[in-house]
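Encoded as structure tokens, the structure appears first; notes follow it.
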Amino acid sequence: MKFSDLPYSRAALEELTARLDQITAELESAPTPESALEAVLKKDKLTRELATQADIAYVRHTVNTADEFYNAEKDYYDEAMPLFEENVQRFGKALVSSRHRARLESELGGLLFGNTEMSLKTFSPAIIEDLQRENKLSSAYVKLLASAKIPFEGKELTRSQLIFYKEHRDRGTRKRAYEADAGFLNLHKGELDEIFDELVKTRTSMARKLGFDDYIQLGYYQMQRNSYDQNDVARFREMVCSKLAPIIAKLKAAQAARLGLDALHLYDDSALFPDGNAVPKGTPDEIFEAGRRMYGELSPETKAFFEYMLEHGLFDVLSRPDKAGGGYCTYIPDHEFPFIFANFNGTTGDIDVLTHEAGHALAAYTARGVRLFDLHSPTYEACEVHSMAMEFFTWPWMELFFDDAGKYRFGHLSGAFSFIPYGCIVDEFQHIVYANPNMSPGERCEAYLSLEAKYRPYLQFGGTPFYNEGRRWQVQTHIYERPFYYIDYCLAQTVALHLWAMSQNDFKGAWDKYLSFLTRGGSMTFNNLLESAGLPSPFSPETFDAVERSVSAWLEKEGRSHAV
Ligand code: ZN
């Protein structure tokens, strides 16, 4: 069956709530381990049903936002889902305190129980109002950034349309684009300060109501960090700062020399070559066709995956009127369908969908056999290994997408590498902010500037309004919307770079490790997934050093060949 033919009927929350409460009662009074297991499996079935219907409604809403029916369905789930949470928590309590727990754990593994205990610590009815307030503030932030209509060279642009000019090969254009962006942001900096200040206070208040000293530990639990803690993350950042940052500074000095500049300004950071970065070729249809060929050749697994996606109509990637913006990958459990949504427009972003989002989709497809839906997908850093590593495994096919694929590969690897110190800035900033919830907006910006100086001393901010006040973090949406979600990308990138280095000498060996990492879905913690796939931990100094050596050697060599 194709996605478009899937039947849909609203998962009515009242009915589901009643069923869930019934299952919870069965688990609580289960006379035998077998009957307790049966209750857990019933709950799993219910979770899948709800996710299936809510996801179908969401996808159908985004592929045609003019469809009134699915608009209303999406609104229904947005409102109803949070109300369901209390009942889910009650089931969780029954699960972790079940007298059959030992037998259940030996049948299902311990992770479900550990994760449930963690999520129980993050919720109490006392914080419902705070959660609603947090959602409202996040939405106000998203709305504010989306409202931008920025006058630029006779046109009116959104912030995402402006990116093209911020990365333009002509330096003057880049500078003007940043200034235009700053013009809009400057007008709204008071609001940006206020929304964030409220968010920090709301999150801190939630944490205290739940018995935490500050928001940091609650944030870690919300991200389900179940195999490393704040100290591990601090040590990782320290390695980045002491070992990686100096190497990046050297590569950036070489970049400045290639561009004929004394120093790199904020608006020069992404300009790698004086004659411009790599530009993709082909129409959106041709790019998609090249993707089919690439996955057909890459491995038997990707060939089967891509054909499965086509057979069931699980791509919607071409732009159309009334389609929602952006791109995503989701998974519809009852039908075992990953779904990739995008808006191809003939830019490098299209290639990213075909590599990054397809990595997520391949992972969802490969983990179809995982028994419990709650363990189908792992924590976010592991998910980003799925996608970021796929970006590198597709390297040998980049000639299909670029006239100058060498330039693309250089830009991709150096971008991935120099991203890590930036990601650490974002992460350390949030630790500082939530450890000191009474900082003033001005103090937060000062802290941000000092982190830029610590991790990216080569980057100049002078002269560009807004950014020169230490406000770059205010356009990093995760900081407002998804607290503590960022170090995930740095950890994942380190693992992806390790796989890249391996694939340079032994493509098949690296690919097999990657597939074995995917197969286990979310049935293990991040660290255990790595170990069981024979992959090293990004927290290990030896791994970190080895990755850093291979990447910098490759970039130095290739950078010289690109010298002008
Ligand atoms: Zn991703």
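The values are calculated or read from the model by the stated rules, or taken from the named source; none is laboratory data. Model, not experiment: these values are computed from the prediction. Here the Cβ positions follow ideal geometry from the backbone for every residue, glycine too, while neighbour counts run over all protein chains shown.
Some observations on this one:
- Scanning the stretch 206-226 for residues that are surrounded by fewer than 21 Cβ atoms within 10 Å (Cβ to Cβ) and part of a loop (DSSP other than H, G, I, E, B) returns 210, 211, 212, 213, 214, 223, 224, 226.
- Residue match in the stretch 490-507 (condition: part of a helix (DSSP H, G or I), loosely packed, with under 15 Cβ neighbours inside 10 Å and free of Cβ contacts under 8 Å to residues at least 40 places away in the same chain): yes
- Taking (1) in contact with a Leu (Cβ under 6 Å, 6 or more places away or on another chain); (2) over 30 Å from residue 427 (Cα atoms) in turn, residue 256 satisfies each apart from (2).
- So residue 203, is it within 18 Å of residue 124 (Cβ to Cβ) and either outside any helix (DSSP H, G or I) or in contact (Cβ under 8 Å) with a residue 12 or more places away in the chain (or both): yes
- So residue 443, is it more than 16 Å from the ligand (Cβ to nearest atom), among the charged types (D, E, K, R), without any contact (Cβ under 8 Å) to a residue 24 or more places away in the chain and assigned to a helix (DSSP H, G or I): yes
- Residue check, residue 208 within 30 Å of residue 537 (Cβ to Cβ) and modelled with pLDDT of 95 or more: no
- The single residue among 388, 398 that is away from the ligand (no atom under 16 Å from the Cβ), buried (at least 19 other Cβ atoms within 10 Å of the Cβ) and assigned to a helix (DSSP H, G or I) turns out to be 398.
- If you go through the stretch 355-373 and keep only what is away from the ligand (no atom under 13 Å from the Cβ) and either under 13 Å from residue 302 (Cα atoms) or surrounded by 20 or more Cβ atoms within 10 Å (Cβ to Cβ) (or both), you end up with 365, 366, 367, 373.
- Test: residue 416 is within 16 Å of the ligand (Cβ to nearest atom), over 21 Å from residue 299 (Cβ atoms), of a type outside the set (Phe, Trp, Tyr) and surrounded by fewer than 21 Cβ atoms within 10 Å (Cβ to Cβ): yes
- Scope the stretch 457-471; condition surrounded by 17 or more Cβ atoms within 10 Å (Cβ to Cβ) and in a loop (DSSP other than H, G, I, E, B); matching residues: 458, 461, 464, 466, 470, 471
Okay, residues lined up against (1) of a type outside the set (Ser, Thr, Tyr); (2) modelled with pLDDT under 90:
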site: 111; (1), (2): yes, no
site: 115; (1), (2): yes, no
site: 119; (1), (2): no, no
site: 131; (1), (2): yes, yes
site: 139; (1), (2): no, yes
site: 144; (1), (2): yes, no
site: 148; (1), (2): yes, yes
site: 152; (1), (2): yes, no
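- Here is the figure for the stretch 322-339: residues that are at pLDDT below 95 and within 16 Å of the ligand (Cβ to nearest atom) total 4.
- With respect to (1) touching a residue at least 60 places away in the same chain (Cβ under 8 Å); (2) closer than 23 Å to residue 215 by Cα, the lone exception for residue 456 is condition (2).
- Qualifying residue in the stretch 478-488 (condition: over 19 Å from the mean Cα position of the chain (by Cα) and surrounded by 18 or more Cβ atoms within 10 Å (Cβ to Cβ)): no
- Single match in 278, 271, 290, 304 (criterion: in contact with a strand residue (DSSP E or B) (Cβ under 6 Å, 6 or more places away or on another chain) and not aromatic (Phe, Trp, Tyr)): 278
- Every residue from the stretch 345-354 that is buried (at least 20 other Cβ atoms within 10 Å of the Cβ) and more than 12 Å from the ligand (Cβ to nearest atom): 350, 351, 354
- Remark: pairs (first residue in the stretch 334-358, more than 18 Å from residue 294 (Cα to Cα) and assigned to a helix (DSSP H, G or I); second residue within 16 Å of the ligand (Cβ to nearest atom) and aromatic (Phe, Trp, Tyr); Cβ separation under 7 Å; 6+ apart in sequence or on different chains) are absent.
- Test result for residue 313, within 16 Å of the ligand (Cβ to nearest atom) and closer than 19 Å to residue 3 by Cβ: no
- Count of residues meeting criterion [assigned to a helix (DSSP H, G or I) and within 13 Å of the ligand (Cβ to nearest atom)] in the stretch 374-385: 6
- Check on residue 213, over 30 Å from residue 383 (Cβ atoms) and of a type in the set (Asp, Glu): no
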